1. In debye to the nearest 20, how big a dipole does region 119-331 give about its Cα centre with +1 on each Lys and Arg Cβ and -1 on each Asp and Glu Cβ?
2. Taking the Kirkwood radius as the inverse of the mean 1/r across Cα pairs, report the Rg/Rh of region 19-60.
3. Run the numbers for SER98 and ASP210: contour at 0.36 nm per residue of separation, minus the present Cα-Cα distance, in nm.
4. Assigning unit charges at the beta carbon (Lys, Arg +1; Asp, Glu -1) and nothing else, what dipole magnitude in debye, to the nearest 20, does region 199-272 show about its Cα centre?
5. Using 23 Å as the Cα-Cα cut-off, could you pick out the over-long pairs in LYS304/LYS327; LYS144/LYS297; LYS135/LYS288; LYS262/LYS288?
Amino acid sequence: MNKTLNKKFNTDLKYVYSDNDTLSIIFQNNEVLLGVVGEFNNNIKELENITKTNIYSRGNSILVKSTPQNNELVKNAIKFLADQFIINGTIEKKDIISSVNKFMINEKNNSKEKNIEYIIKTPKKSVIPRSEKQKKYVRALKEKQIIISSGPAGTGKTFLAVAVGLTMLLEKKIERIILSRPAVEAGERLGFLPGDMRDKVDPYLRPLYDSLYDLLDFEKIQKKIEIGDIEIAPLAFMRGRTLKNSFAILDEAQNATDTQIKMFLTRIGENSKIVINGDPSQVDLPNKSYSGLNRSKKILENLKEIEIIDFNHTDVVRHPLVSKIVKAYSENND
């Protein structure tokens, strides 16, 4: 197509969005429309197959019906093809493929750029939040002094907190990580168990160890525990302390009483963070009403220094069946 014809045509397209996820792309010139649609609608059929959308030609318009994200992908592809037709006078199959790949690559790159601030790089792996709620949680772990999170098992509450704490320790932003849990089954009275304090509380803190070993070599974790960079302590042993230059995590906080959670929160000192995690549906206290997790959220929700995150079954990142199980129990919680 020569320059004279180029001046004759333009790619001014009008876009009309409908409530039923239908996008109408209206052409100002029917010859451009016919070039984009192709003989026997072959071009839009190919585009339809590649993008897994429904595309129709009607009058001077092309209608696209899919998800809002796919509609935008097809919209950009059709604009690209219209430009190609005006420049070259024809559209080939490779142009259709290029029209989609071009914008899919851009979308993936934009997504990576948006997610890069949430990536947690540890010696063994890079941890990437898998849901918007997890992104919010990671941002809070980095920015807030106190974070309280609640939700079902498998939503990454403990793992993400340990990952952020470990990176801060390795980057020397803090001096130690403190991991704590209520030892409910022993009623916080651990003296009858054999061994030293660590031997007594290890069974209750195993999930925290598992997270650490998943992020850093076993030998290095053991060394940091030996020199005190990582401290394991039952909740009962936290009373009377002030935590400075620390990242302290209270796990299974649904099994802590209101008084215990208040005690743990008030341990915070200079350059420290406190994270409280729990699942309100798994209270092991003899009297479930004694659990202080939900009450602490209500009391502290208006303090700007404190972030409260509530996860649900859609944030579960374990086996997909876990999410279904959690949802089924929450819907039949009688």
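1. 560
2. 0.97
3. That works out to 35.8 nm of additional length.
4. Computed charge dipole of region 199-272: roughly 400 debye.
5. Violating the 23 Å Cα-Cα cut-off are LYS304/LYS327; LYS135/LYS288.
No value in this document is a laboratory result; all are computed from the given coordinates. Please read all numbers here as calculations on a predicted model, not as lab measurements. Please note: Cβ atoms are built from the backbone with ideal geometry, for glycine as well, and neighbour counts cover all protein chains shown.
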